[in-house]
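Inspection log for the structure reproduced underneath, given as structure tokens.
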Amino acid sequence: MDLISDMSEARSQFPILERILPNGKKLIYLDNAATSQKPSSVIDAMNEYYRGYNSNVHRAVHTLSGEATEAFELARKSVANWFGLPPGGMVLFTSGTTDALNLCALGWAKVNLSSGDAIVLTEMEHHSNIVPWQMLAKEKNLELRWVDVDSESYQLDLEDYKSKINGAKLACIIHTSNVLGTRNPVENLVKIAHDSGAKIILDCAQAAAHEKLDMMDINADFLAVTSHKMCGPTGIGALLISPGIFEEMEPVVGGGDMITEVFKEYSTYQENEHRFEAGTPRIAEAIGWSAAINWMKKLDMNVAHKHTLKLAKNAVEGLKQVPGIKIYGDHSKDDVSGVVSFLHESLHAEDIARMLDSMGIAVRTGHHCAQPLMRRLEVTATNRASFYFYNTIEESNAFVDAVKTIVERFA
Ligand code: PMP
């Protein structure tokens, strides 16, 4: 199979990118770190399910239910294969990364950690990899240890990590930062955690959009992933678990589908993934995610990522020429994502975003669910333009020109 290595061909499969906004401007979508757009094949797969075989899974003998069940379980296999799950590893479907991190906290850590145990986090974490651990720490009297981020290099302080992991039971680390674009040295972080006897979960919400993650290579105990940033629908993600973890977990949500038998006095639970998926699962979303993975399989991910980085670096170089702009993140390296965070010294971030919007350019503004990192950077918010493979060099240039114009007019 020939991989798609022409990014304009890839772009042509995303209908929304032709959108004209109500003010007549053509959309320039630079909010990909928040959610990516979806190719036609994903939209079609979900429509086909609703038009042709919409039915509940697992519980009926009729044809539609059989078709839906087959497609749903095929999606699980497709996710397992894409993320290189080792034999004995499992895909537990969740509503996204946030839900996957919470499942790890409540389904594994709550059962296996006890009073006084320590968990290592970093200052770079998204709130979804902070708040569940704070809640658990309060309930179980756990210690949370924070690894510093260097506010000059925008990297984790590895020496600090080595000292904080000492004696800790679990490390919860962001793979690729949604604010700085920094790709953490996860293979090394996993090795250090394991050498010191700790388990490790990686928040791969951003990473999975930009690189083909392989659980066997990464060797982490848990990966939290999401569909909606990698061309799939919202509403679905997964906690990927290594062999041996399933047996150490307890179900968190009770209900239908996760049981084998229910008596008045007690219930027994399924011995497979369904144990953690009570109730009607996300059927259309699983089918959509599977279609997104099939689409990504056709994309040359190396070329796509290089293209994304070229656009991000082009934007960074352009923004550096604009008086008063500061960039947060080190884009001189290749181990970054397509995220460009910036601030102007006197213009308010939200004003810049609104003016960009009036020019058709969608960027994000705010703390990006990373307030501890914002405090480390000594800001309350940044503007964030985030590029993806379907963006173009013309869009990157138009974005820089727009920022220049705004600064010239209003600063
Ligand atoms: N972690 C990171 C690094 C993210 O960027 C996001 C999404 N903004 C999340 C977690 C939350 O992911 P989800 O939307 O799938 O819950």
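The values are calculated or read from the model by the stated rules, or taken from the named source; none is laboratory data. Because the structure is predicted, anything quoted here is derived from the model rather than measured. Virtual Cβ from ideal backbone geometry, glycine too; neighbours counted across all protein chains shown.
Here are the numbers for this structure:
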read-out	value
The lone exception for ILE200 - which of (1) touching a strand residue (DSSP E or B) at 6+ places or on another chain (Cβ under 6 Å); (2) touching a residue at least 60 places away in the same chain (Cβ under 8 Å) it fails	(2)
Helices (runs of 4 or more DSSP H) lying entirely in region 69-188 (those with 1 or more residues that are within 16 Å of the ligand (Cβ to nearest atom) and in contact (Cβ under 8 Å) with a residue 40 or more places away in the chain)	97-103
Qualifying positions in region 317-343 - in contact with a Gly (Cβ under 8 Å, 6 or more places away or on another chain) and under 14 Å from PHE399 (Cβ atoms)	GLY338, VAL339, VAL340, SER341
Matching residues in region 347-369 - criterion: being within 16 Å of the ligand (Cβ to nearest atom) and of a type outside the set (Gly, Ala, Ser)	VAL363, ARG364, THR365, HIS367, HIS368, CYS369
Check on ALA398, in a helix (DSSP H, G or I), small (Gly, Ala, Ser), surrounded by 15 or more Cβ atoms within 10 Å (Cβ to Cβ) and not assigned by TED's automatic domain parsing to the domain that holds ASP157	yes
Count of region 222-252 residues which are more than 9 Å from the ligand (Cβ to nearest atom), of a type in the set (Gly, Ala, Ser) and under 20 Å from ASN272 (Cα atoms)	3
Of residues in region 199-221 being assigned to a loop (DSSP other than H, G, I, E, B) and within 16 Å of the ligand (Cβ to nearest atom), the one surrounded by the fewest Cβ atoms within 10 Å (Cβ to Cβ)	GLU211
Residue within region 20-27 that is part of a helix (DSSP H, G or I) and farther than 28 Å from LEU213 by Cβ present	no
Test: residue in region 268-276 that is within 22 Å of the chain's Cα centre (by Cα) and within 25 Å of MET215 (Cα to Cα)	yes
Qualifying positions in region 1-35 - without any contact (Cβ under 8 Å) to a residue 40 or more places away in the chain and touching a strand residue (DSSP E or B) at 6+ places or on another chain (Cβ under 9 Å)	ILE16, GLU18, ARG19, ILE20
Residue in region 267-276 that is touching a residue at least 40 places away in the same chain (Cβ under 8 Å), outside the structural domain of SER386 (by TED's automatic domain parsing) and touching an Asp or Glu at 6+ places or on another chain (Cβ under 9 Å) present	yes
